[in-house]
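Read the figures in this text as sums done on the coordinates, not as results from a lab. Values in this document were obtained by computation on a predicted structure and should not be read as measured data. For neighbour counting, all protein chains shown are included, and Cβ atoms are generated from backbone atoms with ideal geometry for every residue, glycine included.
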Amino acid sequence: MTPNGRTTNTEFIRSACSSTTYPELCFSSLSSYASAVKSSPMLLAHAALSIALHGARSASTAVKAASSGRVNPRVAAALRDCMEILGDSIDELRQSLVEMENLRGKDVGYQINSIQTWVSAALTDDDTCMDGVVSSGDIKTVVRGRVVNVAHLTSNALALINAFASAQSSAP
């Protein structure tokens with residue numbers, strides 16, 4: 001271990017990520033936060049939400065760029081729908097972050113439940129966006145790649161939130 005605890009903090013993240021569906025993506029996206037997260041499940045879940053939100057915003061920008069080119073009307077409509085759905089996902093992830101920052105008091109269980117619901121809804125939105133983009137070629141590759149990444153980041157965030165929730169419910 002290094003004097004500042006970096007190895008221990010990094011191992012905490014690796015261990016927490018091992019319970020996610022995409023552990024390598026989880027670890028690679030969160031390991032740079034080791035010194036800030038330390039060994040806090042709440043800070044880890046918050047960082048994962050922030051990364052998922054950033055990914056959703058980036059994906060939305062990519063979808064918008066793809067829709068600005070010459071595409072047939074059916075593809076253009078699917079891309080517009082996808083942008084709207086990603087907007088919902090962004091809102092849900094943003095609301096989850098706000099709620100995470102305000103966790104306190106006797107309603108913590110209710111707040112965590114709300115966060116889990118919003119992040120689950122964001123994950124469903126990501127899947128719905130991917131399902132709607134049925135075109136072929138470069139547009140589908142770019143859009144699907146970005147949205148799949150967001151879905152994986154969101155899935156990992158949800159797993160870490162669920163782990164935090166379990167720790168909270170078993171705490172005295």
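Details
- Every helix of 4 or more DSSP H residues in the chain counts as -39500 (n - 2.57), and over all residues that averages to -27500 deg cm²/dmol at 222 nm.
- Just checking the listed ones, Ser58, Ser89, Ser68: in the Gaussian network model of the chain with Cα springs under 10 Å, the one fluctuating most is Ser68.
- In loop segments of the stretch 1-104 as defined by DSSP, the trypsin sites (Lys or Arg not before Pro) with at most 12 further C-beta atoms inside 10 Å of their C-beta are Arg70, Arg104.
- Relative contact order [Cα under 8 Å, 6+ residues apart], the chain, whole percent: 31
- Within straight-line cross-link reach of Lys64, lysines at Cα separation under 21 Å, skipping those fewer than 8 residues along the same chain: Lys140
- The angle between the Cα long axis of helix 6-17 and the longest principal axis of the Cα atoms of the chain comes to about 60 degrees, rounded to the nearest 10.
- Remark on the stretch 87-153: Rg and Dmax equal 14.9, 52 Å (Cα only).
- FRET efficiency for Met42 and Glu84, using Cβ-Cβ distance with R0 set to 30 Å, rounded to 0.05: 0.45
- Inter-site label distance for Ser114 and Ser35 at 7 Å from Cα along Cβ, in nm: 3.4
- Modelled FRET efficiency - R0 45 Å, Ser166 with Thr61, Cβ distances, 0.05 increments: 0.85
- The simple spin-label model puts a point 7 Å past each Cα toward its Cβ; for Ser28 and His54 those points are separated by 1.5 nm.
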